[in-house]
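These notes concern the structure reproduced below.
The values are calculated or read from the model by the stated rules, or taken from the named source; none is laboratory data. Everything numeric here is computed off the predicted structure, so don't read it as measured data. With ideal geometry, Cβ positions are generated from the backbone for all residues, glycine too; neighbour counts draw on all protein chains shown. In case anyone asks, the SASA skips ligands and DNA or RNA and just uses the protein heavy atoms, side chains included. Shrake-Rupley method; radii C 1.70, N 1.55, O 1.52, S 1.80 Å.
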Amino acid sequence: MLWNVDLTLVDVAIVTRDAYAEAFRVVTGRPLVKLVPPLGRPDSEIVFETLAVNGIVAEDDHLPRFLAALAMAFADRRGRLAKEGRMMPGAKDALRSVGRLDGVVQTVLTGTIKSNAVHKLKAFGLDKYVDFDLGGYGEEVYPKATLLQVAQSRAKQRLGTPFTAANTVVIGDSTRDVQAAKIGGAAMIGVASGRSMAAELQEAGADVVLPDLSNASEVVAAVASLTTPIDRKAG
């Protein structure tokens, strides 16, 4: 099971914007005027586009410097996450309930860099339900579909199980999540809790679309419908 983070499990947009502004100032020496919208994109892509729209010509060292500054700025603001952000409805119950399914291992597939993904989930007590070492993250400069395959490879190395569309499920809120699942080789549960509407998720090819995660039984049923106990324990 691979969970998207932002607008699927948590919403910490205010703190994230502040951290980006601080990282931009540290790296460029200028104030951030415009931050491009995430729209399901990885941090590495957002950094390059944000530099461009603010008139900065990207150089070879900009991305690693920006991501390092972003990690530090976000860590400095982690105490604000629970106060100024929110856990999405039903997220904790959904994670806990899916985790009880026989053979399931949960991790994340997110455009957020790893350290920030950990802070985001830890702030709301969600970190204990996922294995962060198996995930795919925004500092890895790959399309999200490739990140999915990277995560599948990590899981195979750790667990000795081949992961395919028969036993891999992505849960996310954007059409980009759906596209990544379809291209990368996974079943897809779309949740209309973010910027993509239910109809858009359905049209993009999601196997199941839910309004949100508030009904844990529906989430578990969706996962169960897309896999089998034998598939989940394959290998």
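Consider Arg25 carefully, then state whether it is more than 20 Å from the chain's Cα centre (by Cα), of a type in the set (D, E, K, R) and in a helix (DSSP H, G or I). Walk me through how you get there before you give the answer.
Values: more than 20 Å from the chain's Cα centre (by Cα): yes; of a type in the set (D, E, K, R): yes; in a helix (DSSP H, G or I): yes.
Yes.
Residues in segment 197-233 that are over 18 Å from Leu148 (Cβ atoms) and part of a loop (DSSP other than H, G, I, E, B): Met197, Pro211, Asp212, Leu213, Ser214, Asn215, Thr228, Lys233. Against the test of being at pLDDT 95 or above and open to solvent by 30 Å² or more (accessible area, probe 1.4 Å), the options Glu139, Glu84 yield a single qualifying residue, Glu84.
In segment 177-193, the count of residues that are out of contact with any strand residue (DSSP E or B) (no Cβ under 8 Å at 6 or more places or on another chain), hydroxyl-bearing (Ser, Thr, Tyr), part of a helix (DSSP H, G or I) and under 26 Å from Arg80 (Cβ atoms) is zero. Scanning for something touching a Lys or Arg at 6+ places or on another chain (Cβ under 7 Å) and of a type in the set (Ser, Thr, Tyr), does segment 176-199 turn up at least one residue? Looking for residues that are touching a Lys or Arg at 6+ places or on another chain (Cβ under 7 Å) and of a type in the set (Ser, Thr, Tyr), one finds none in segment 176-199, hence no.
Restricting attention to segment 55-70, which residues are assigned to a helix (DSSP H, G or I), of a type in the set (Gly, Ala, Ser) and either farther than 11 Å from Glu22 by Cβ or in the same structural domain as Glu140 (by the TED database) (or both)? Step through it out loud before you land on a result.
So in segment 55-70, the residues assigned to a helix (DSSP H, G or I) come out as 62-70.
Applying the additional criterion that residues be of a type in the set (Gly, Ala, Ser) yields 68-69.
Matches in segment 55-70: Ala68 only.
Note on segment 1-34: residues that are hydrophobic (A, V, I, L, M, F, W, C), open to solvent by 50 Å² or more (accessible area, probe 1.4 Å) and closer than 30 Å to Gly90 by Cα amount to 1. Scanning segment 150-168 for residues that are surrounded by fewer than 24 Cβ atoms within 10 Å (Cβ to Cβ) and either among the aliphatic types (A, V, I, L, M) or not assigned by the TED database to the domain that holds Ala91 (or both) yields Val150, Ala155, Leu159, Ala165, Ala166.
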